[in-house]
Amino acid sequence: MVLTTADASGRYLFNRPILAAYELTTNYLMVAAVFLALPYAYRQGANVRVTFLVSRLGRTPRLVINHAVQVVSILYCAALVYATFQQTRHVRGTNTTFVTLDLPLWPAHLVVCIGLFFTTLWMALDLGEVRKGRSSLFLDE
């Protein structure tokens, strides 16, 4: 926020913007804010779900569906970890950098991979809590 404010102030007041401020904000800072907060959001139960059908079911069918949802979520997130790791390797291998500065882009991709990895890890560790109804994926039920 400070970087963006300083960049806007420099641009409009002094006609001297900060070099690469926009790229740093979009490629590093926003990525870190979103993907490093993802495991925390999962642990707090900040998940968007549609439960109007499942809430009408009995305990056993709801438990089966909750286990299936948890496993599918783990597998999907694990696939995203793999894909983002491959993307990180590709970006590092091609030495992709910012347009304005010679800063590499691969660390931002690695941050995405790390955030998704820890989210997957939390979901996998939380699998045993589904039966007890204490999984973070289903906290508001």
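The single condition from (1) of a type in the set (A, V, I, L, M); (2) open to solvent by less than 100 Å² (accessible area, probe 1.4 Å); (3) closer than 21 Å to M123 by Cβ that L75 fails is (2). Once region 16-32 is narrowed to residues that are in a loop (DSSP other than H, G, I, E, B) and open to solvent by 50 Å² or more (accessible area, probe 1.4 Å), the residue that is modelled with the highest pLDDT is R16.
Please go through region 1-15 and pick out each residue that is part of a helix (DSSP H, G or I) and under 28 Å from P104 (Cα atoms).
Let us first name the residues in region 1-15 that are part of a helix (DSSP H, G or I), namely 2-13.
Hits for region 1-15 are V2, L3, T4, T5, A6, D7, A8, S9, G10, R11.
Listed by first and then second residue, the pairs with beta-carbon distance under 9 Å, at least 6 apart or on different chains, first residue in region 115-128 and of a type in the set (D, E), second open to solvent by 60 Å² or more (accessible area, probe 1.4 Å), are D126/R43; D126/R134. Please indicate, with yes or no, whether at least one residue in region 92-110 is at pLDDT 90 or above, in a helix (DSSP H, G or I), within 22 Å of V130 (Cα to Cα) and open to solvent by 40 Å² or more (accessible area, probe 1.4 Å). No, the conditions are met nowhere in region 92-110. With respect to R62, is the statement that it is open to solvent by 40 Å² or more (accessible area, probe 1.4 Å), modelled with pLDDT of 90 or more and either over 14 Å from F138 (Cα atoms) or not aliphatic (A, V, I, L, M) (or both) true? So R62 does not fit the description; no.
State the number of residues belonging to region 36-54 that are part of a helix (DSSP H, G or I) and either closer than 21 Å to V81 by Cα or open to solvent by 70 Å² or more (accessible area, probe 1.4 Å) (or both). Talk me through it step by step, then tell me what you get.
Step one: list which residues in region 36-54 are part of a helix (DSSP H, G or I), which gives 38-43, 54.
Still in the running and either closer than 21 Å to V81 by Cα or open to solvent by 70 Å² or more (accessible area, probe 1.4 Å) (or both): 38-43.
Residues meeting the conditions: 6.
Of the residues contained in region 43-65, one or more are found to be in contact (Cβ under 8 Å) with a residue 24 or more places away in the chain, in contact with a helix residue (DSSP H, G or I) (Cβ under 6 Å, 6 or more places away or on another chain) and either within 30 Å of A6 (Cβ to Cβ) or of a type in the set (K, R) (or both).
The values are calculated or read from the model by the stated rules, or taken from the named source; none is laboratory data. Predicted model only: the values in this text are computed from it and were never measured. FYI the Cβ positions are ideal-geometry reconstructions off the backbone, even for glycines, and counts take in every protein chain you see. The accessibility values were calculated without ligands, DNA or RNA, using every heavy atom of the protein model including side chains. Shrake-Rupley method; radii C 1.70, N 1.55, O 1.52, S 1.80 Å.
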